[in-house]
1. With the requirement that a residue be farther than 21 Å from Asn3 by Cα and β-branched (Val, Ile, Thr), what does the range 30-66 give you?
2. Do the conditions hold for Leu44, that is, is it at pLDDT 95 or above and either assigned by TED's automatic domain parsing to the domain that holds Leu16 or not polar (S, T, N, Q) (or both)?
3. In the range 92-111, what residues are in contact (Cβ under 8 Å) with a residue 24 or more places away in the chain and surrounded by 14 or more Cβ atoms within 10 Å (Cβ to Cβ)?
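The values are calculated or read from the model by the stated rules, or taken from the named source; none is laboratory data. On a predicted model such as this, the values are computed, not experimentally measured, just so you know. All Cβ positions, glycine included, derive from the backbone under ideal geometry; neighbour counts span all protein chains shown.
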Amino acid sequence: MANAHLDYHLNLLNHLRTILVALGEAEQVPEESHGLFLERFDELLTQLPQDPLESQYLGQDLMCQVIQRYPQIAHLVPRDLLWFFGGDCLHFMPDDELDLYQALEERRYEAEQNDEPFDWNQEKQLLSMSNDNSKH
């Protein structure tokens, strides 16, 4: 079950990488530093499956850098990645979003403890809908 969770976030990272590559191809960023940044990003993609805990700090650093270095695509950074890496990334999330992800994480943990299947996206949609309803 943990592998599905990790795979999901690896897919999000690969998607974000395609956005970063497109940004470089559109010549919207200085090529030299962008190339070095992509190398570090690829390092994360390689390290994360091998050692998820050890990769957390690199992931936090890179997600924060994406938002700070490339503000034009900050809105395209998947929120799930900010939560997944945590730490300083959480500063880019509002409190209500943090509450949603905390509840989602608790549901995932509960499902794992009971050997039940858990669909991150489906649960996130259900929680988002229930939060929207409670605000009205």
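1. Once the filter is applied, which keeps residues that are farther than 21 Å from Asn3 by Cα and β-branched (Val, Ile, Thr), the range 30-66 yields only Val66.
2. yes
3. Within the range 92-111, Phe92, Leu100, Ala103, Arg108, Ala111 meet the criteria.
Per-residue answers, yes or no, for (1) exposed (fewer than 14 other Cβ atoms within 10 Å of the Cβ); (2) in contact (Cβ under 8 Å) with a residue 12 or more places away in the chain:
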{"residue": "Asn11", "(1), (2)": "yes, no"}
{"residue": "Arg17", "(1), (2)": "no, yes"}
{"residue": "Leu58", "(1), (2)": "no, yes"}
{"residue": "Leu90", "(1), (2)": "no, no"}
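Yes/no per residue for (1) among the charged types (D, E, K, R); (2) over 25 Å from Trp120 (Cα atoms); (3) touching a residue at least 12 places away in the same chain (Cβ under 8 Å):
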| position | (1), (2), (3) |
| --- | --- |
| Asn14 | no, no, yes |
| Asp51 | yes, no, no |
| Arg79 | yes, no, yes |
| Trp83 | no, no, yes |
| Gly86 | no, no, yes |
